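Just so it is clear, none of the values below were taken in a lab; they were calculated from the coordinates. Fair warning: this is a prediction, and the values are worked out from it, not measured in the lab. Using ideal geometry, Cβ is built from the backbone for each residue, glycine included, and neighbour counts are taken over all protein chains shown.
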Amino acid sequence: MPIRPILRFPDAGLRTVCEPVTVFDDGLRALAADLLDTMRAAPGVGITAAHIGVSQRVTVIELSREDGVRNLVNPAIISTSQDTIRHTEGSVSMPGIIDEVIRPNAIRYRYQDLDGVLHEDEAEGFLAVCIQHEIDQLDGIFWLQRLSKLKRDRLIRKWEKSGG
């Protein structure tokens with residue numbers, strides 16, 4: 001499958017709230033395959049359709065080859081833990097720029113698979129962080145928005161200086 005161009009920060013497409021997927025067909029499977037190849041080439045551990053300019057609620061996560069690929073369609077967080085985790089985050093849309101974000105350590109979430117079957121699952125630690133990060137992106141929330149204004153402004157200046 002082709003590697004697609006990734007939108008770069010501050011592209012307006014990264015602030016777009018994605019539309020729910022209603023058609024589960026070969027086109028959706030092709031999109032998921034393109035996302036996987038694009039994410040691996042970036043490289044990254046998660047990517048959304050929004051990252052390639054497609055406004056659909058689709059994300060692909062692969063923490064490692066051994067862990068396997070997760071295709072999450074129309075994902076939503078049902079509940080979060082009170083305890084939090086501090087983890088370094090970044091984006092395929094802003095390579096080289098990272099900082100620590102605090103998020104709930106555990107989540108319960110629901111999603112559909114590529115065939116439209118509804119699932120509920122739980123995640124904690126790094127996987128929970130990744131799912132929250134990608135759902136934020138599907139909701140038009142770029143990860144920098146989870147930082148203080150001071151940190152966000154510093155990282156944006158660094159990105160602009162790097163030619164981003």
May I ask you to list the residues in the stretch 124-141 that are touching a Phe, Trp or Tyr at 6+ places or on another chain (Cβ under 7 Å) and farther than 23 Å from F24 by Cβ? H133, D136
Looking at the stretch 91-108, which of its residues are surrounded by 18 or more Cβ atoms within 10 Å (Cβ to Cβ) and either under 20 Å from F142 (Cβ atoms) or among the β-branched types (V, I, T) (or both)? S91, V92, S93, M94, I97, V101, R103, I107
Within the stretch 115-131, residues touching a residue at least 24 places away in the same chain (Cβ under 8 Å) and under 17 Å from the mean Cα position of the chain (by Cα) come out as E124, G125, F126, L127, A128, V129, C130, I131
Look at the stretch 109-148 and say how many of its residues are basic (K, R) and either over 17 Å from R15 (Cα atoms) or crowded, with 19+ Cβ neighbours inside 10 Å (or both). 1
